[in-house]
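Every number in this text was worked out from the coordinates using simple rules, so none of it is lab data. Values in this document were obtained by computation on a predicted structure and should not be read as measured data. Using ideal geometry, Cβ is built from the backbone for each residue, glycine included, and neighbour counts are taken over all protein chains shown.
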Amino acid sequence: MRRLLSPVLCTLALLLCWQGDALRAFCGFYVAKADTSLFNRASQVVLARDGDRTVLTMASDFKGTPKEFAVVIPVPTFITREQIHVAEKSLIDHIDAYTSPRLVEYFDSDPCRRYDMLRPMAMAGVMKDVSAPAMQERAKALGVTIEAQYTVGEYDILILSAKQSGGLETWLTENGYRIPAGAGPVIGSYLRQNMRFFVARVNLSEQTRLGFTYLRPLQVAYESPKFMLPIRLGTVNANGPQELFIYALTRTGRVETTNYRTVKLPSGSELPPYVKDDFPRFYRAMFEQQVRRESMSAVFLEYAWDMAWCDPCAADPMSASELKTLGVFWTGDDARAGQNVFVTRLHVRYDAQHFPEDLVFQQTGDRENFQGRYVLRHAWTGGDSCPAATDYKRTLSERREKEAQTLSNLTGWRIEEIRKQASLPVPPTTEDVAWWRRIWK
Amino acid sequence: MNLRFDPRLYQIAVLSGLLAYGWAALGFDISPARAALLLGTCLATQFAWILGRRLPAFDARSALISGLSLCLLCRTSDPLLAAAAATIAISSKFLVRIRGKHVFNPTNIGLAVMLLLSDAVWVSPGQWGNPAWFAFLMAGFGFLVVTRAARADVTLAFLCVYAALVAGRSYWLGEPSAIPIHRFQSGALLLFAFFMISDPKTTPDSRAGRLVFAALVAAGAWYVQFRLFRTNGLLWSLACSSLLVPLIDRLLPGSRYAWPGRHSLPPEDVSHAPTPVSRPVHAGPASVLAG
């Protein structure tokens, strides 16, 4: 019996069965010394949109055997064969890396001779390859209209519609999909909105013939006024919150949600240098703390930038051909296409309780650049042969304490632990200092 | 109706409080300089029209209300576009008048025109989030108390019709009740219902007319949002429905709203007055987003 093992596009997919252990995070935020995963159970979606035209690219974090992979996505219109495409996974990796929150480090100059050096550290995302066993094809309708059936790349795709959710639910169950309790009404509400269901699974013989050993992102182009991502199916019977990364590529500017608050993540903070060795742990804790502060009811902005450049760059901007493949149809083949593309990276942790309705977006005219950026400033360790060095050392200890407090505030970590890790002395409290000393100090 | 004090002061206090809350807690994307620009442009435009038409008195309160409302709603990176929205909002009160009554809620038309003209202007309906919802509700009801429910009928009718449409659609789709409840718990919706649609200077004069008007706005907003799948349904619907107010007033006549302490004037008196903007042009008590 086939199983659906992951949220597979947790925004869009019908989550039929969950196997959390098989999943590993794939998005970026790695430092050179830390290649552990950051966020589990995460999915990535690229939305290239201009006017009513949308190209949706869905990257699966599926780590099991392709035989057990399937995805069921509500789509707003009928989808023809030409509207479906299979993209290269490297595109998702690239846009992930380009937009990843980044750690940059500065080195304090010799206090006796001022100069600054900036060394950006790019955090590139790494996605593990998945193995590729076979998967059976099947297409049998029971009370369901199979509007179309395609094989695109290594995927067998069905476009389904149904008069009632019961019919589709029965069909899916009888064809080996494990439908979670409570999915029926959700399917029904999409059917009543005249949405179709896009069902994809891996065609093993095609996959073998093509030689891919991993699941490539699926792309769908459609024209609809609906600028939204249906997340409700992914939350049915889900085992805990899920992570979703949305990369929006637009012509005019930043994308935000209209039915949930979009919040900029704290950025630009100076952190104790020891964070360099454990940036993923910091970022995960910081994100969790922000989610708590917003009562898990907000969508977070991690990056908003004109695609033509970056500063500092976590990865090179995407080329015109990459953008075109991701669905940027409005720039043509202009080599400077990036100047006409604005990228927004949104990160949301959601569950059914806090995100009862699907995400609805709007494109704004905001082209102000924003990036998740965290700063390390290394102390000057050379000689201190000038009077300015005395002042420098005094301000340095104050700075270190401030950095520790910033880290504590951002992550919720105990300040005592941070001071210990950063080898900072415990600053005297005002109670510890005799009051008369504070008068004439 | 005589009120103990001008409810516009309450409006200004509420709007200022919301702006402060937006700055302090919600990280509103509007700088103090931008707020000063919007407020300054509204006041200057009002002053210019008063001066140009040789009207007897300059009243800053309604212009301040418009300016504060734009601070809460109007988002753009371009200061010129922000100033244009403020200018259109205030000027509409002086330029677009039928039978002595201005047609559009100033903030509403200022935003609608700029949204139509430029991609670089937007409104962020999600900016309030849900936690502030209860505070909005309280501020809104407080406003009804202060105005002695001068235009509570239009607010309540709008909320009832809109809620019925949203809940009805969810019921028909088989959605869980959490979805319509989440849609009602919107700061933007309550701000609109209590402080924009209730503008006594642009709503119909008769109660029956106001009920019809409220239902029209609610139906239009629902249609834009849930049938056309466009944002800002509330703003578009109010702007379009306002065009029908003169017709509604003709079919369902009533007495014109007047300031607290003043007698209502029949429409003829206003339209024939040599300086019509001196009295009812200023935003009424319930026109927080009108100005």
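Placing a label point 7 Å from the Cα of A:ALA379 along the Cα-to-Cβ direction, the residues of segment A:73-106 with a backbone N closer than 16 Å are A:106. Size descriptors for segment B:77-210 (Cα atoms only): Rg and Dmax, in that order, 16.8, 48 Å. Site pair A:ALA285 and A:TRP440 shows an inter-label distance of 4.4 nm when each label is modelled 7 Å from Cα along Cα→Cβ. For segment B:7-278, the residue among B:ALA33, B:PRO125, B:VAL96 whose Cα projects farthest onto the positive side of the dipole built from Cβ charges is B:VAL96.
In this calculation the C-beta distance from B:ASP78 to A:ASP311 is compared with R0 = 22 Å, giving a FRET efficiency of 0.45.
What is the sum of charges, Lys and Arg at +1 and Asp and Glu at -1, for the other residues whose Cβ falls under 13 Å from the Cβ of B:VAL166? The answer is +1.
Averaging Cα coordinates gives a centre for segment B:158-210 and one for segment A:277-328; these two points are 36 Å apart. Look at the Cα gyration tensor of segment A:368-417: its axes a ≥ b ≥ c give a/c of at least 1.5 with a/b at or below b/c, and that counts as oblate. Shape verdict for segment B:7-278, please, from the Cα gyration tensor: rounded (a/c under 1.5), prolate (a/b greater than b/c) or oblate. It is oblate, given that a/c is not under 1.5 and a/b is not larger than b/c. Applying 1/(1 + (r/R0)^6) with R0 = 60 Å to the Cβ-Cβ distance of A:ASP391 and B:ARG53 gives a FRET efficiency near 0.40. Label-to-label distance for A:ASN369 and B:PHE141 is 4.9 nm, based on points extended 7 Å past Cα in the beta-carbon direction. The modelled label-to-label distance for the pair B:TRP23/B:ILE98, using points 7 Å beyond Cα in the direction of Cβ, is 4.0 nm.
Pairs over the 26 Å Cα-Cα cut-off, from the set A:LYS226/A:LYS324; A:LYS264/A:LYS393; A:LYS276/A:LYS324: A:LYS264/A:LYS393; A:LYS276/A:LYS324.
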